[in-house]
Every structure is written in structure tokens, then in C-alpha cells.
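K.L.:
I have a structure I would like to understand better, so I am pasting it below and will then ask my questions one at a time.
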């Protein structure tokens, strides 16, 4: 005698795994559509790209702002292990390679989608500002501050405010990523910026404080 079939599940809230699949599909569709089509993307277009039904999505998100806020939070909740500064015998080359890797990372589709969302609805920034700051500090500022501290301890650069140096480096790279994003400037070799930024930053890190105060 065959086992009886399990009872049909009553309609209602989706199971946890089903809810997770819905969120994943919406996030992936949002990233793709925002990168490809920019601020002109509509909620219906995102729903169509996700392959979900309008009923399913609208039951969870009554409007575009609610959907975008959810996508923003999902993007910021990805696993953010500390940024790994490349190893090597020359700290200046390690810094150059770090700038290269950092620029590449903050130019990835998920980062572009995040910028697009904030362009579409700037009011969402206040909703996720603490999360953005936490990601930036944990993923980038702390590792670079630690790297600069190790250089000081090894006598390779003079004592200085390593958190300020890390934040400044992050801002320089983010500004370049944003410039390339807003201007659609993907044709220029990014290594030109990487080389210029590395030379500028290496010179600043190695400068003696008393020299700058003359």
C-alpha cells in the first residue's frame, strides 16, 4: 500500500524558504534591471524580470519605494568580510594593488544598483545610512587602518592618524567609481587612476609631519 500524499498546504503566507526565494529573485532582478536601464525602471518591469506574479509582489511591497528599500537592505546584508590587502614585499605595490581591487569591487553591479536606487529615491539614504556606515567601516576602513598601523610599527611610514588615512583612501576611490558610473566612462583604463592615486597616497603617507608644518 502506497504512502498517502501529504495534505495540500492551505494558501497563506509563504514558507520561509519560499519567502527567501522571492526575495532573492526580486533582488537579482532589481540589480540587473537597474544596471541595464537605470532610473526609468518601473515596479512592473522589475516584477516581470523576476518571474513572480504581481499579486505575490504587491502583497509584500505596496509601492516602488518599499520594494527598493527592501532591495537596498538585502544588498547591504551580503557577507562583508574585511577587505584583504594583497601581500607582498613592497608596501607601495600592496597599496597600489589594493586601490585596483577596491575600485573594481565598488564598480560591481551590486554597487551600481545601490547607487541607482539612491538616485531614484534619495530619501531612502536616511533609512539605510547606519547600515552603509557599518559596512564601510567593517569592510574597508578597519582593514586599511590596520594595514597603515602595521606600516608605522615596521618603521615604513611616520606615525599618523590611520583611520583618517583609511577614510580618505576610501573616499578617493568611491569618488572615482561614482564619476565613472555617472559619466558612463568605462573606456578609460582604470589603471591610470590607480597609478595616480597610488603615487599621491604613497607620497602623503610617507611625508614627515614637520615637513608639512614648515
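K.L.:
Regarding residue 39, is this residue under 19 Å from residue 128 (Cβ atoms), modelled with pLDDT under 90 and surrounded by fewer than 16 Cβ atoms within 10 Å (Cβ to Cβ)?
P.N.:
Criteria met by residue 39.
K.L.:
On to the next question. Those residues that are exposed (fewer than 15 other Cβ atoms within 10 Å of the Cβ) and either in a helix (DSSP H, G or I) or over 15 Å from the mean Cα position of the chain (by Cα) (or both), I need them from region 59-83; list them, please.
P.N.:
59, 62, 63, 66
K.L.:
Could you please find all residues in region 53-80 being farther than 20 Å from residue 113 by Cα and out of contact with any helix residue (DSSP H, G or I) (no Cβ under 6 Å at 6 or more places or on another chain)?
P.N.:
The answer is 53, 55, 56, 58, 59, 60, 62.
The values are calculated or read from the model by the stated rules, or taken from the named source; none is laboratory data. In this text, all values refer to a predicted model and were calculated from it rather than measured experimentally. Cβ coordinates were reconstructed from backbone atoms using ideal geometry, including for glycine residues, and neighbour counts include every protein chain displayed.
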